[in-house]
Every structure is written in C-alpha cells, then in structure tokens.
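Take a look at the structure set out below.
No lab work stands behind these numbers, since they all come straight from the coordinates. What you are looking at is a predicted structure, and each value in this text was computed from that prediction instead of being measured. Cβ sites come from the backbone with ideal geometry, for glycine too, and all protein chains shown count toward neighbours.
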Amino acid sequence: MVSNLERNEAALNGASNGSNSRVRGDLKLSPVAGALFTPHASRDVPSSRDRIAVLIDGANLFYSASSLGIEVDYARLLKTLVGDRRLLRSYFYTGVDPKNEKQRGFLLWLSRHGYRVISKDLAQVPDGARRANLHVEIAVDMMRLADHCDTITLLSGDGHLPYAVDALSYRGVRVELVSLQSMTSDSLINLADQYTDLAALQECICKVR
C-alpha cells in the first residue's frame, strides 16, 4: 500500500521532471462486494476506537432506494454504516411538506431512533418542482464535526459538496462516501477516502418482510 509520504514524494519528483500526470495508487476492493476503496494510508484504516458521524442526504437516499426498488430500514442502515465504531452523531437532512402528516410521523420516528433531523420547508422552483436544498447545512455540519470525530460517513451524491469534503481531508478527517454511483458526482467520489456503491449494501439495509 502506498503511503501518503510516498505519494507526496512521487508528486514532487513528477513536478520537478515537468510531468503533469496525477499520481494514483492501486484501487482496492472492499470486503463488501462491489464497493470500491480509494487509496489511503494504513493509518486511515478505521478501527473500533474511531468516533464516527453519519450524515444522510434524505432526498438522495429516497431516489436511490426507489431506483434500486427497495424500502430502507433506517435502523439497519445506521448499524451497517457505523459497524463496530463509536457513533458520535447521525444526521438526516430532508425537505418537508408541512401538510404531510405521514412524513411528519416518519421524521418523528427517526428523531426517536438515533437520528437528528435537519429539515427545511419545500419551496417551489421555476420549473414547477418543489425542492429544499440542504447542501449548505450538510457542509457546515461537517466542518463543525471535524474537531470531534475521526471519520465522517456521508450518504449523498450532491455535486455541491466536493469542496467541503476536500477541506475535511486537510483537517485530518477520514471521509467515507456511500451513494448510488449513477446519482453521484464524480468529483465527490474522487475526493473521498473510501467509496461504497449503495447497490452493494442493499441486502444489508432493506426492510425484511
């Protein structure tokens, strides 16, 4: 496995030779079939002592689950993402319709089962759709959590988040990205320390009937 120091030295040598090529280590397959690990140093491998925060983009997860044809079990989802590590916080970001009683009941259930719900009223946009953009809230919370956890697991494919993820890496925080690849920004995947396709986890996170 190539260390960060070796990568930096290789990058400096390439620069001194006038090379513009990007230095990359070999991609590693994760223990979960179909999941992909980006190169990282051995010190970044998660352990049971790690403190982890989980941030879930509710809209992205909803559309991803619909695409996969599954109904998510949110208790199983959280257990799968955290593993044997110590959970510091788990956040669920979503737009809400104040008139939707079923949605309010679902969000209340989440808040009583380990999630901190961050919501914003849906607003109508020029194309007639109703949306609530929460990428600013997600980015701010990641920065707030950076000093208190070793790893942040982000379930989102939002193309507005790569800059925040890059900033986390400079603060020594490991970022694990989980999402459906077809609904994920390439820049976000490239910057994460570890990427897992949500499709590879569907058997672990779906409701068992």
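Quick look at the values:
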item: Computed lengthening from ALA129 to GLN103, 0.36 nm per intervening residue step minus Cα-Cα distance; result: 7.6 nm
item: Amide H contacts under 5 Å for LEU87, placed H, 5+ residues apart; result: ILE52
item: Most to least packed among 68-74, 51-57 [average Cβ atoms within 10 Å]; result: 51-57, 68-74
item: Region 69-153, dipole about Cα centre (Lys/Arg Cβ +1, Asp/Glu Cβ -1), debye to the nearest 20; result: 240
item: Residues in region 53-93 that a label on SER111 would reach, taking backbone N under 13 Å of a point 7 Å out along Cα→Cβ; result: 92
item: Span from the region 176-209 Cα centroid across to the region 118-139 one, whole angstrom; result: 22
item: Neighbour-count order for SER156, SER169, SER66, SER90, fewest beta carbons within 10 angstrom listed first; result: SER66, SER169, SER90, SER156
item: Region 27-205 - charge dipole about Cα centre, Lys and Arg +1 at Cβ, Asp and Glu -1, debye rounded to 20; result: 560
item: Cα→Cβ-extended label distance, 7 Å offset, between LYS120 and MET183, nm; result: 1.8
item: Dimensions (Å) - region 27-205, Cα atoms, principal axes, largest first; result: 49, 31, 30
item: 12 Å beta-carbon shell around ALA59, net charge (K/R +1, D/E -1); result: +1
